[in-house]
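A short worksheet on the structure shown next.
The values are calculated or read from the model by the stated rules, or taken from the named source; none is laboratory data. Being a predicted model, the structure only gives us computed values, none of them experimental. Neighbour counts are summed over all protein chains in view; Cβ atoms, including those assigned to glycine, are modelled from backbone coordinates with ideal geometry. What goes into the accessible areas is simple: the full protein's heavy atoms, side chains included, and nothing from ligands, DNA or RNA. Shrake-Rupley method; radii C 1.70, N 1.55, O 1.52, S 1.80 Å.
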Amino acid sequence: MSWITDLFRRRAIYNDLAEEMRLHLEERAEQLMREGLSRHQAEQAARRAFGNRTVLEERSREVWQWPTLESIWADVRFALRQLRRSPGFTVTAVLTLALAIGANAVVFGMMNALILRPLNVPQAASLYAIEHGSDYGYQSYPDYLDLRDRNRSFQSLAAFTATQAGLDTGKDASRVFGYQTSGNYFDTLGIQPYLGRFFHSSDERGIDSAPYVVLSYAYWHSHFQDDRNAVGRTVQLNKHPFTVVGVAPPEFRGTLLLLSPDFFMPAVNQEQLDGQNFLNARGARGILEVIGHLKPGVSPAQAVDDLNSIGSYLANTYPKIDSLKSYTLARPGLYGDMVGRPARAFLAGLMLLAGLILLAACANLGSLFAARAADRSREVALRLALGSRRIRILRQLLTESVLLSLAGGTLGLVASVVLLHRLSVWQPIPRLPVNVPVSPDVRVYLVALALALASGLLFGIVPVRQLFRANPYEIVKSGASASFGRRLTVRDLLLVLQIAICAVLVTSSIVAVRGLVRSLHSNFGFEPHNAILADTDLKMAGYTGDRVPAMQRRMIEAVETIPGVAQVASANSTPLGGVQVKSAVFKDETRDLRQSNAAASTFLYDVSPNYFQAAGTSLLAGRPFSWRDDGNAPRVAVVNREFAREVFGSSTNGVGGYFRASDGTRIQVVGLVEDGKYMSLTEDPQAAMFFPMLQSPSSQTFLLVRPKGDSSGDPQQLAAAIRIKLRDLDQEIPLETETWIDDLDGAMFPARWATVSLGVLGIMGALVAITGIFGMAAYSVSKRLRELGIRIALGAKPTEVLQAALGRPLKLLAIGSAAGLLLGILATKVLAFIVYQATPRDPFVLAGVVLATLLLGLVATWIPAQRALSADPLVLLRED
Amino acid sequence: MMILESLRRQPAHGYALVQHIHQRSNNLLQVEEGSLYPALQRLLKGRLVKAEWGVSATNRRVRTYEITPAGLHHLEAEISSFERMFEGIALVLNPGESTAN
């Protein structure tokens, strides 16, 4: 590769050359002087004999230059000049591309962070999560131990579950979020501590034997101010002493992508936090996510076979508890496939839409380029006639488009990087440390660059055929505009295609927005408006056993004394809130209580007597609870219509009937309430049952406070009053208050996210459509300005002029949007999985899309129309 | 070709080359002396000659060119093709002589 070294040696070569020529002249002059000339004459004669030194030097240098590179540079300079001459076109093109490439970079950045990039642990490729059955796929602790000890496929298996706790470091009690893990968690993952040590399986010597806690780097940094002496200190977790043994490294943020924990603690000590023990409850499935590295040489399929044989052993050994379900392996990080699958599908959908936008932008710029090329066909024809090679002209055109696309790509990438960084620190759900770690990496930059180059080549190639088909002779003779705009061109097709794509985007974003609005006003089976939630976990303040319901009753009675409060109730969780408990129930006559004989799987809430009134859930039949439904009274429950339908076969009766809880307890139904939404807004009707909290106590406490009247007073004021009342009862209760509407943010999160993304894409689609139609209309008007001027001079009415000038772009717009609307309606069927009640068969949506395209057409053709109308025939005819 | 032929006889610097060609052609070839240099650069780039800074017999700092093996090879190929062409031209110009041969 001699030319590479030549490239770097060039300066030396040039210097040698100049020196050599100087010496040559000197020698010749001396020679002449020896022959008797004066110095001056000799130097002149020497220069004469030598010839033009500058030209010769230049020609000598050319020998060393790289002709292709230099001429490409010339192309670039020429292209820059061309672009500078039409700043409007340049700015439009760069912005369009920036939008399109930026959108792609953002979506790809999310996909990269959530799907493509593995967890930040060593050898992430061989790390798998074990799923069981089709539900949550999580395991119980005894099942985990069996899996860990009996499998032959994994190097080791670790388990973890997310938990919340009140952490008291001596200064303030605050609610923190962490993992309860098996002792071998860090060793399985191969993580080394940043400070101190981690706990190991050797620390586990039975229940409550390992009161150790490892802090995450972020928590240590923010709450211990990087104090290295924090290791060894004792902190209180839910009023139990734990020793800080170490700090995790900064890059390790747990094994869930969306939830980064503040602390890690051994699961053997979980009873101290949770108040009840799950370590021996084999039936308590859905608790632990089990992860591990496959042994070298073991394929995932072999591992699944291995796990399934353990599964059949478990089902045979514990027939009452473990029913036979198959095991599968999933990528860890997104709660296995439960969140992972829809997230993947959604992101893939977004990527597709973003790709469509880019395609639309390319089509758009392609048609603009074709228009410009038509203007330049004379120049090209001339160059061809003068013997220029086609490849040379092609290169020049592509240089221009690639320059544009690189500029647009850079701009888009910068914008997307800013956006992605903001997304990374965004906390969409209050109270939970959820965030989306989507910082871009080198892969994102490369993809953006590749997209920019590809799109530049794509839209640059559009006009090429048109240019080279041209007959130089004809064009030079008659000018370029002779055959403009009478038949269907590639340009028209591109415009229709692009408008169709944009209409799809606009349609789906309107459907999504509409769905969201509807979901905000739909019937949840409770009335979140105006109500305020105060939530706490009494075990964080050290309450256990009978003291829990007693305290809850005192809290209710205390808050009831606040003026302006109508009803107060307590529940262990609220529908659509953070955590939902599900339980199997059996028909009264069922004796064999194995999972497969269950009559229904139902949501379960432990509530206080006033709950239905305070929550705004209407009681359809029977009675609500009272304080007399306590531990000494017969067990009772209130169920919803879906429960009655599934267990009693009819959604209207059931009151007075009996069923059995998962432990076999016989329970009588005393009331029937309406159905609601419990887990997500898009779910089908689900069974739910309510137990009186005195019969089924729980330390999780959500105080539900409904003020009198419609919206009396400031919710913040009421919340403050509630906090004061409860602090009076007990200083140490960690407490959070917020409106019930705000609390629903978690449930709304997917729908909101989808809507925002689709909305943004829709707006971008609309913008691209506008620039496309605008470009087309403006070009068509400027091409036919002379003709329009003549029409005006001959007395054409404004409407006729407009029809002549803009009829074609508008016709294309109509065709494109009709096609796009149809496609969009098909596409929104897919949306219905994420967005509540997303249906395109909605007059509002249809009208919205039609209105939107009309508006687009109006906006995009406004300026060209003005220009067409103001065409001054005199000026135009004088021009040439 | 002339440059290569001159260099084959002995390595020389630019000025000496000009003088040499001047003399050898009996002053028939009147070209600008400087036009030698682009040609020399082409030869350098083609690795047909190599150049080195040194001191001449007259105690001047000069850049001496020397023919390389590749240059020699090239020169022989060029000369033979040139001779063939020359022969052809001669045949066309003097058809009588050719028949006589």
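For this structure, a couple of remarks:
- Basic side chains Lys and Arg get +1 at the Cβ, acidic Asp and Glu get -1 at the Cβ, and with that the dipole of chain A about its Cα centre reaches some 3900 debye.
- Using equal-weight Cα scatterers in the Debye expression, the normalised intensity of the range A:358-412 in log10 at q = 0.20 Å⁻¹ is -0.80.
- FRET E, pair A:Arg10, A:Val756, Förster distance 56 Å, beta-carbon r, rounded to 0.05: 0.55
- Net lengthening on full extension, A:Arg228/A:Arg344 (0.36 nm per residue, minus Cα-Cα): 37.7 nm
- When the Cα positions of A:Asn104, A:Leu382, A:Tyr179 are compared along the charge dipole of the protein assembly as shown, A:Leu382 comes out farthest toward the positive end, with charges on each C-beta of Lys, Arg, Asp and Glu.
- Debye-formula intensities of the range A:197-238, expressed as log10 I(q)/I(0) at q = 0.26 Å⁻¹, are -1.01 (one equal scatterer per alpha-carbon, no solvent).
- Scanning residues 5 or more positions from A:Asp606 or on other chains, those with amide H under 5 Å from its amide H are A:Asn572, A:Ser573, A:Phe691, with H placed 1.01 Å from N in the peptide plane.
- Averaged over the residues of peptide A:17-28, the number of Cβ atoms from other protein chains lying within 10 Å of each residue's Cβ is 5.
- Sites A:Lys811 and A:Arg81, calculated FRET efficiency, Cβ-Cβ separation with R0 35 Å, nearest 0.05: 0.45
- Database remark: amide H of A:Ser326 closer than 5 angstrom to the amide H of A:Gly133 (H placed geometrically; neighbours at sequence offset of 5 or more, or on other chains; Pro and chain starts carry no H).
- Residues whose amide H falls under 5 Å from that of A:Gln567, counting only those 5 or more places apart or on a different chain, are A:Arg706, with hydrogens built in the peptide plane.
- Peptides A:289-302, A:384-397, A:760-773 ordered by average Cβ neighbours within 10 Å, highest first: A:760-773, A:289-302, A:384-397
- 3J(HN,Hα) couplings calculated from phi for the range B:58-71 with the Karplus curve 6.51 cos²θ - 1.76 cosθ + 1.60 (θ = phi - 60°) are, in sequence order, 8, 6, 10, 7, 9, 10, 8, 9, 9, 6, 9, x, 4, x Hz; Gly and Pro show x.
- Most tightly packed first, judged by the mean number of other beta-carbon atoms within 10 Å of their residues, the peptides A:592-603, A:263-274 read A:263-274, A:592-603.
- Ordering A:Gly654, A:Asn52, A:Thr163 by the projection of their Cα atoms onto the charge dipole of the protein assembly as shown, which places +1 on the Cβ of Lys and Arg and -1 on the Cβ of Asp and Glu, puts A:Asn52 at the extreme positive end.
- Surface composition of chain A: carbon plus sulfur atoms hold 58% of the accessible area, using a 1.4 angstrom probe and ignoring ligands, DNA and RNA.
- Residue-averaged beta-carbon neighbours from other chains (10 angstrom radius) around A:791-799: 0
- Couplings 3J(HN,Hα) for the range A:621-633, derived from phi with the Karplus relation 6.51 cos²θ - 1.76 cosθ + 1.60 (θ = phi - 60°), are 7, x, 10, x, 7, 9, 5, 6, 7, 10, x, 8, 8 Hz, where x marks Gly and Pro.
- Over chain A, Cα pairs under 8 Å with separation of 6+ residues give a relative contact order of 14 percent.
- FRET E, pair A:Arg591, A:His529, Förster distance 35 Å, beta-carbon r, rounded to 0.05: 0.15
- Along the axis of the charge dipole computed for chain A (Cβ charges of +1 for Lys and Arg, -1 for Asp and Glu, origin at the Cα centre), the listed residues A:His293, A:Leu694, A:Leu453 are led at the positive end by A:Leu453.
- Stretching the chain fully between A:Phe844 and A:Ser388 yields a gain of 158.4 nm (0.36 nm per residue, less the alpha carbon separation).
- Exercise: per-residue mean of other protein chain Cβ atoms within 10 Å, B:34-47: 6
- Two-decimal Rg/Rh across the range A:498-576, once Rg and the Kirkwood Rh are taken from alpha-carbon atoms: 1.29
- Think of each Lys and Arg Cβ as +1 and each Asp and Glu Cβ as -1; about the Cα centre, that makes the dipole of the range A:731-793 roughly 1320 debye.
- Nitroxide proxy distance, nm - points 7 Å out along Cα→Cβ at A:Ala74 and A:Leu457: 2.5
- Both radii come from the Cα set of the range A:547-667: Rg as radius of gyration, Rh as Kirkwood radius; their ratio Rg/Rh reads 0.99.
- Debye log10 I(q)/I(0) at q = 0.22 Å⁻¹ for the range A:242-322, Cα point scatterers: -1.18
- In whole angstrom, the protein assembly as shown maps to an equivalent ellipsoid with semi-axes of 80, 41, 26, each derived as √(5λ) from the alpha carbon gyration tensor and ordered largest first.
- When peptides A:657-668, B:4-15 are sorted by average Cβ neighbour count within 10 Å, with the highest value leading, the order is B:4-15, A:657-668.
- Full extension of the chain segment joining A:Glu62 with A:Ala566 gains 172.2 nm, where the gain is 0.36 nm per residue of separation less the Cα-Cα distance.
- Remark on the range A:48-77: accessible area falls by at least 10 square angstrom from chain-alone to full-complex state for A:Ala49, A:Phe50, A:Gly51, A:Leu56, A:Arg59, A:Ser60, A:Val63, A:Trp64, probe 1.4 angstrom.
- Along the range B:76-89 the Karplus relation, 6.51 cos²θ - 1.76 cosθ + 1.60 evaluated at θ = phi - 60°, assigns HN-Hα couplings of 4, 4, 4, 4, 5, 5, 5, 5, 4, 4, 4, 4, x, 4 Hz to successive residues, with x for each Gly and Pro.
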